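Participant: Below is one structure. I have some questions about it.
The values are calculated or read from the model by the stated rules, or taken from the named source; none is laboratory data. Quick caveat, the model's predicted, so the values are computed rather than measured. Virtual Cβ from ideal backbone geometry, glycine too; neighbours counted across all protein chains shown.
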Amino acid sequence: MSMSPYPDAVYRGIGIDGCFGGWAVVVLEALPEEGPLHIRRAAVYPTLSTLWEDLSPNPLSDRILIDIPIGLAEGADGVQNRVADRNCDRDCRKLLPKRRKSSVFPVPARQALRAEDPSYANAQATGRKLSRQTINILPKIRETDDFLAARLKKDLPVSGFIEESHPELVFLRLNDSADEAPLYGKKEAEGQRERSGILRVAGLPHTETEKLFTLFARKQAAKDDLLDAAALAVAAHRVVSGRSAVKYVTEGERRQFDYEGRVEMNIAYV
């Protein structure tokens, strides 16, 4: 078992997922080797900046996992990288069963973020057009890209502190007893019960997830958004408290970098 270098600290695992109201956040807090996890905070923030101002994350005692692309391809004529396609997306799909592979959607090139015709701009950069699903979340991808670029400009930490993750992969890995992804979709009632059960076995009591569902109207955050954020928070807490080593879907020579080599394009899990 890996041990945290800060044994007396209170660790926070912070999971973030996009939602109707902006960003759904679940913060789990506990001391290392302590009993069941508990939700210290759950909130919906309109922007990442307001989230950051309120939570004041600390790289020494917090770990953040977010379900949004970090690092974007720019193609052969790129400025911050020359990547045509993110290997981590392909590698993540390989780890998921067939019924969950479609949850890893194609990620846009950076040139698409502010283009009048995003799909055309993406095709010019990478040779691929964009799906409607990807176009719908371009504002959140753009917001994240701008937020991280601003941090890097100020030499503030990103790598090993704020990392991309994927809830379906996390649920699969947390499901120790079956070692498989949930059978039902995350928007189905049965699928939400499955995921709550996986979180319970992983250390987050059922009462905590049930309480979570009562906090927000659906127009702010749906149940599946909250469950995804909670799963990422569980994984983040395991890493920052030293209970689990972080893993990445892409290894070795397939690793890719963005922001002129300062941040890796990868997907973290436990």
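Participant: Looking at (1) modelled with pLDDT of 95 or more; (2) more than 25 Å from residue 227 (Cα to Cα); (3) among the polar types (S, T, N, Q), which is the only condition residue 58 fails?
Facilitator: For residue 58, the failing item is (2).
Participant: Let me ask something additional. Can you pull out the residues in region 138-170 that are within 27 Å of residue 195 (Cα to Cα) and surrounded by fewer than 16 Cβ atoms within 10 Å (Cβ to Cβ)?
Facilitator: Of everything in region 138-170, just one residue is within 27 Å of residue 195 (Cα to Cα) and surrounded by fewer than 16 Cβ atoms within 10 Å (Cβ to Cβ), namely 160.
Participant: Go through region 151-162 and count every residue that is closer than 25 Å to residue 106 by Cβ and part of a loop (DSSP other than H, G, I, E, B).
Facilitator: Looking only at region 151-162, we keep the residues that are closer than 25 Å to residue 106 by Cβ, and these are 152, 158-159, 162.
With the extra rule that they be part of a loop (DSSP other than H, G, I, E, B), the set shrinks to 158-159.
So the count comes out to 2.
Participant: Inside region 41-55, can you point out the residues that are surrounded by 15 or more Cβ atoms within 10 Å (Cβ to Cβ) and among the β-branched types (Val, Ile, Thr)?
Facilitator: 44, the sole residue that qualifies.
Participant: Okay, next question. If we scan region 124-135, do we find a residue that is under 19 Å from residue 165 (Cα atoms) and of a type outside the set (A, V, I, L, M, F, W, C)?
Facilitator: Taking region 124-135 as the starting set, the residues that turn out to be under 19 Å from residue 165 (Cα atoms) are 133-134.
Applying the additional criterion that residues be of a type outside the set (A, V, I, L, M, F, W, C) yields 133-134.
Yes, region 124-135 has at least one match.
Participant: Go over the candidates 67, 62 one by one and state the one that is closer than 29 Å to residue 105 by Cα, touching an Asp or Glu at 6+ places or on another chain (Cβ under 6 Å) and of a type outside the set (A, V, I, L, M). Give the derivation first.
Facilitator: Working: 62 fails: touching an Asp or Glu at 6+ places or on another chain (Cβ under 6 Å).
Exactly one residue qualifies, and that residue is 67.
Participant: Tell me yes or no: at least one residue of region 113-133 is farther than 25 Å from residue 238 by Cβ, in a helix (DSSP H, G or I) and under 21 Å from the mean Cα position of the chain (by Cα).
Facilitator: yes
Participant: Do you know which of the residues in region 234-270 that are on the phi > 0 side of the Ramachandran plot and buried (at least 17 other Cβ atoms within 10 Å of the Cβ) is modelled with the highest pLDDT?
Facilitator: Initial filter on region 234-270 (on the phi > 0 side of the Ramachandran plot): 242, 252, 259-261.
From the residues that got through so far, the ones that are buried (at least 17 other Cβ atoms within 10 Å of the Cβ) too are 242, 259.
Numbers: 242: 90, 259: 97.
Residue satisfying both the conditions and the ranking: 259.
Participant: Another question about this same structure. Which one of the conditions (1) free of Cβ contacts under 8 Å to residues at least 40 places away in the same chain; (2) in contact with a Phe, Trp or Tyr (Cβ under 7 Å, 6 or more places away or on another chain) does residue 142 fail to meet, given that it meets all the rest?
Facilitator: That leaves (2) as the condition not met.
Participant: Now for a different question. May I ask you to list the residues in region 56-82 that are of a type in the set (A, V, I, L, M), crowded, with 18+ Cβ neighbours inside 10 Å and out of contact with any helix residue (DSSP H, G or I) (no Cβ under 8 Å at 6 or more places or on another chain)?
Facilitator: Result: no residue meets the conditions.
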